[in-house]
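Engineer: Right, I'll just put the structure down here and ask away after.
Please treat every number below as a calculation from the coordinates, not as lab data. None of the values given here were measured: they were computed from a predicted structure. Glycine gets a Cβ as well: all are built from the backbone with ideal geometry, and neighbour counts include every protein chain shown.
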């Protein structure tokens, strides 16, 4: 769901190359490169000129030297839909869909078809790992045990939520400071929730600079765009509550790190009582802590689904 790397073709000076150039040299399609970068299979950094992302020559050499390149890298980011995924796992399409709805299979991409139906895509590598795990035999061959079947009867469908979990992990890995991490969380919340958490208009304006662009389909206001908005925005009350609580804490860190700019005449609004700024954490530690808390609360009824990487 990230931007098209083919739009950035200019080679970066020195030992860096643009994402488009790196994709060609690695023998990847732009979409394959984007997903590999999202999953951390290719190490990238933001371009200093704001033109997408760039790759160090040393990283290209590392990838070229790996056994089976480029086929192994391409296979590691191959995605499949429900039909191919079911064949890959040796189950029916209906069982595959049930496993995905239960949160045991986590989508990595989605798009809308011409009928505006959601088409979820999964990493083939993760599906093979799930099918090969002997602990999952009963899920693949038998009837859902415990309360799993009952949860399906209530309409449980964790596919969109699991996609948001994976997207948040990607955005947090890319975040460079507390404002960026706050923007990553805010990008999953609807504007009214952001306004309730971030009451200062200058802080909201500053935070918006760090909110990654949301995936979209169709013209604004079209049925496809409205449907996509529901998929990329937190919907469940507990999911919304968790994001709001974490955003409150990250805003405290962001204020301590660097207050939001405001006109000299604008009064500063202190944080609400009882919300003392937390000591800023080292970036990698903060990201790990956030993801640990998020996955702990967001885990589906089964705990053997692939973790978002």
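Engineer: For 126, 229, which order do you get if you count the other beta carbons within 10 Å of each Cβ and list the fewest first?
Structural biologist: Sorted ascending by nearby Cβ count, the order is 229, 126.
Engineer: Spin-label point model (7 Å from Cα, Cβ direction): what's the residue 219 to residue 262 distance in nm?
Structural biologist: 4.0
Engineer: Also: Kindly state, to the nearest 0.05, the FRET efficiency for residue 202 paired with residue 43, given R0 = 41 Å and r defined as their beta-carbon distance.
Structural biologist: So, using R0 = 41 Å, E works out to roughly 0.70.
Engineer: At 7 Å along the Cα-to-beta-carbon direction for both residue 62 and residue 15, put a label point, then send me their distance in nm to one decimal.
Structural biologist: According to this spin-label approximation, the distance is 1.1 nm.
Engineer: Run the quick spin-label model on residue 245 and residue 71: label points 7 Å from Cα toward the beta carbon, then report their separation in nm to one decimal.
Structural biologist: For the pair residue 245/residue 71, the computed spacing is 4.9 nm.
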